[in-house]
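Here is the structure we will look at, set down as structure tokens.
The values are calculated or read from the model by the stated rules, or taken from the named source; none is laboratory data. The structure presented is a predicted model; accordingly, all values stated were derived computationally and were not measured. Positions of Cβ are backbone-derived with ideal geometry, glycine not excepted, and every protein chain shown enters the neighbour counts. Calculation scope for accessible area: heavy atoms of the full protein, side chains included, ligands and nucleic acids excluded. Shrake-Rupley method; radii C 1.70, N 1.55, O 1.52, S 1.80 Å.
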Amino acid sequence: MKIIFLGAPCSGKGTQADRLLKDFDIVHVSTGDIFRANISQGTPLGLEVRKYTENGLLVPDSLTVELVKDRLSKPDCQSKGFLLDGFPRTLSQAVALESFAKIDAVVNLCVSDEAILKRVSGRWMCKCGATYSVDTLGESRTCERCGGALYQRADDNPATMQKRLEVYNTSTLPLVEFYRGKGILVDINGENRTPDEIYLDIKEALKK
Ligand code: AMP
């Protein structure tokens, strides 16, 4: 299966990806994770993209498309299929993607800007990929899955999130209609419900 997760930053894509990967043997391809890994390792790619990610701006399409094209050409993605999380984010990325992958389904996680701005300062992450909200985490800052120390993303602050939301609404939102027009998009209500409830809807939709 070849799936895209669309949704604003902090809409729960990572949390839902985690659940999906437990049920389906597919490869998680998160462009944000790839960029962050390169930044923390200080690679040439990391040095190049840092100025964009830290300011809530999109990394140029040419660079991002080549990175994803290369990743999807690897044997694991070719044999198992994949979940694209954070890509495509522009119409030009979506058009480019069509030239090297045939997507089966697009899951659009719908969460209002107000809810996202409320969520962002309470989001904690672990290096293992787990994501937590302070609402359920309480005082603990330890990962329940691997025991690792939790951290907050450098770009998870209200000012940068405002910019990321603007960028999402301008550059990425048009993709909702692009994929709806192809008949492969499903809208999922990602607000005011537990992650498990949201995941049940996603699983149901993907069965169809
Ligand atoms: P994310 O973890 O998906 O929120 O991505 C973090 C940051 O990485 C974004 O704010 C962008 O700066 C960059 N990024 C991730 N995916 C893309 C993409 N498809 N196109 C351009 N920039 C991206």
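Mind putting a number on the dipole of the chain about its Cα centre? Charges go on the C-beta only, +1 for Lys and Arg and -1 for Asp and Glu, and I need it in Debye to the nearest 20.
In debye, rounded to 20, the chain gives about 320.
In the stretch 1-94, what GluC sites (Glu not before Pro) fall in a loop by DSSP, with at most 12 other Cβ atoms inside 10 Å?
E54
Expected output is a single nm value to one decimal: the length gained when fully extending between S73 and K207, i.e. 0.36 nm times separation in residues minus the C-alpha distance. What is it?
45.7 nm
Mind jotting down a quarter of the surface of the convex hull over the alpha carbons of the chain, in square nanometres, one decimal?
That works out to 11.1 nm², a quarter of the Cα hull's surface.
Counting each DSSP H run of 4 or more residues in the chain as -39500 (n - 2.57), what helix-only mean residue ellipticity at 222 nm follows after dividing by all residues, to the nearest 500 deg cm²/dmol?
-14000 deg cm²/dmol
So if a site counts as exposed when it's one of the chymotrypsin sites (Phe, Trp or Tyr not before Pro), its DSSP state isn't H, G, I, E or B, and it has at most 15 other Cβ atoms within 10 Å, what's the longest stretch of the chain without one?
Segment 101-208 is the longest.
Run the numbers on the stretch 1-76 and let me know its relative contact order in percent, using alpha-carbon pairs under 8 Å that are six or more apart.
17
Could you size up the charge dipole of the stretch 34-131 around its Cα centre, putting +1 on the beta carbon of Lys and Arg and -1 on that of Asp and Glu, and report it in debye to the nearest 20?
My answer is approximately 320 debye.
Pop out the carbon and sulfur fraction of the accessible area of the chain as a percent, whole number, probe 1.4 Å.
52
Heavy-atom accessible area per residue, the chain, 1.4 Å probe: how many Å²?
51
For q = 0.11, 0.12, 0.18 Å⁻¹, what log10 I(q)/I(0) does the stretch 102-208 give under the Debye formula with an equal point scatterer on each alpha carbon and no solvent?
Taking Cα atoms of the stretch 102-208 as identical point scatterers yields -0.45, -0.53, -1.09.
If the chain between V176 and T194 were fully stretched, how many nm would it gain, using 0.36 nm times the residue separation less the Cα-Cα distance?
Between V176 and T194, full extension yields an extra 4.1 nm.
Run through the stretch 90-147 and list the GluC sites (Glu not before Pro) located in a DSSP loop whose Cβ has at most 14 other Cβ atoms within 10 Å.
Hits after loop and neighbour filter: E139, E144.
With each pseudo-label sitting 7 Å past Cα toward Cβ, what's the D25-S112 distance in nm, one decimal?
Label-label distance for D25 and S112, simple model: 4.3 nm.
Report the full-extension gain for the segment D104 to I184: residue separation times 0.36 nm, less the Cα-Cα distance, to one decimal in nm.
28.1 nm
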